[in-house]
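Participant: Okay, handing you the structure first.
Computed from the coordinates by the stated procedures, all read-outs in this text should not be read as laboratory data. Predicted, not measured: the structure shown is a model, and the values here were computed from it. Here the Cβ is made from the backbone with ideal geometry for all residues, glycine too, and neighbour counts use every protein chain on show.
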Amino acid sequence: MHPRAVQMVTRKWVRLAGIDKQITPHKLRHTFATSLYSKSHDILAVQKALGHRSIVHTQIYAHISDESLETALENRSSDFHS
């Protein structure tokens, strides 16, 4: 499928869903990869799903997940100190 066709289909379904945010195919891809990594913690599965040749390009999703974990732990820690 041509990239422009993907953009047009995405725009159509976002509009039909009543979503009032700018959603792009790239954002959907990024969200998919972040979700896959956060549920599986398998960076090689994410690499394969995205079609990355190098793990270097995939490691950003592990970093994002690590930041989310750190934030969650900090939030839990404040619950115990209240």
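Participant: Could you give the nm distance between label points at L50 and A5, where each point is 7 Å from its Cα heading toward the beta carbon?
Facilitator: 2.5
Participant: How many lysine pairs in the stretch 4-60, separated by 8 or more positions in sequence or lying on different chains, have Cα atoms less than 21 Å apart? Display every interim value, and only then the final one.
Facilitator: Working: K12/K21; K12/K27; K27/K39; K27/K48; K39/K48.
The result is 5.
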